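Here's the structure, in structure tokens; my notes come after.
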């Protein structure tokens, strides 16, 4: 492993939209391949990588609620969407020579391993990328919370929050407010106090309680994941209380 690597074990949080690209829905094969190549580049440096992928490109729990669906039922459908994304990403990674395991919080033995913490850590130690699918396995929790939970369980050095087209945390939506200020550094408490929409409050609190740094950056810029694990100052770094 290169000496200039700052974060040696990371949880990479990918939104479902990152796999959809410009089409906005479903899985866009060229986008999937691009993301896989970026991950391979970091993996080749010797970084241990866990991935938590969302399902917003397939389904959102709030959509189900608007249809009059019970919230828990809508959330379970969302968990299945994350598993579809995880299997697609696994296929893309293994297609370019990166050994990968998918672990699901909802057991489905025919297609993936059940989530077992010690087994996941062993996979990382053997140089495999581990994709955590199915969220936490419980409704009412987001995949952001899953990322914070798995980062704590894996003893990860940081959570890398890869955003689609957004290069950090701003005081307001930069697409709507030209005066929005970009933050280079924040504390976890800043996120909660300022009501900044980086991750939900449960995930923010968990990251703060477990002293896990969070780096928010633009996934669409090639090479950004490498820059983040090297500790280069891009995007927004969130750490401390």
Tally the residues that are in contact with a helix residue (DSSP H, G or I) (Cβ under 6 Å, 6 or more places away or on another chain) and touching a residue at least 60 places away in the same chain (Cβ under 8 Å), restricting the search to segment 89-112.
3
Does residue 174 count as surrounded by 13 or more Cβ atoms within 10 Å (Cβ to Cβ), out of contact with any helix residue (DSSP H, G or I) (no Cβ under 9 Å at 6 or more places or on another chain) and over 14 Å from residue 238 (Cβ atoms)?
yes
Looking only at segment 164-199, which residues are in contact (Cβ under 8 Å) with a residue 60 or more places away in the chain and either at positive phi or in contact with a strand residue (DSSP E or B) (Cβ under 6 Å, 6 or more places away or on another chain) (or both)?
167, 168, 169
Restricting to helices (runs of 4 or more DSSP H) lying wholly in segment 7-110: which have 2 or more residues that are at pLDDT 90 or above and surrounded by fewer than 18 Cβ atoms within 10 Å (Cβ to Cβ)?
29-43, 71-95
Identity of the residue in segment 227-238, in a loop (DSSP other than H, G, I, E, B) and out of contact with any strand residue (DSSP E or B) (no Cβ under 7 Å at 6 or more places or on another chain), that ends up modelled with the lowest pLDDT:
233
Does segment 139-148 include one or more residues that are under 23 Å from residue 104 (Cβ atoms), surrounded by fewer than 24 Cβ atoms within 10 Å (Cβ to Cβ) and under 12 Å from the mean Cα position of the chain (by Cα)?
yes
Candidate set from segment 203-218 (those that are in contact with a strand residue (DSSP E or B) (Cβ under 7 Å, 6 or more places away or on another chain) and surrounded by fewer than 24 Cβ atoms within 10 Å (Cβ to Cβ)); member that is nearest to residue 146 (Cα to Cα):
212
Take the conditions surrounded by 15 or more Cβ atoms within 10 Å (Cβ to Cβ), over 13 Å from residue 144 (Cβ atoms) and either touching a helix residue (DSSP H, G or I) at 6+ places or on another chain (Cβ under 8 Å) or at pLDDT 90 or above (or both) and apply them to residue 222. Does it pass?
no
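The values are calculated or read from the model by the stated rules, or taken from the named source; none is laboratory data. Values in this document were obtained by computation on a predicted structure and should not be read as measured data. Neighbour counts are summed over all protein chains in view; Cβ atoms, including those assigned to glycine, are modelled from backbone coordinates with ideal geometry.
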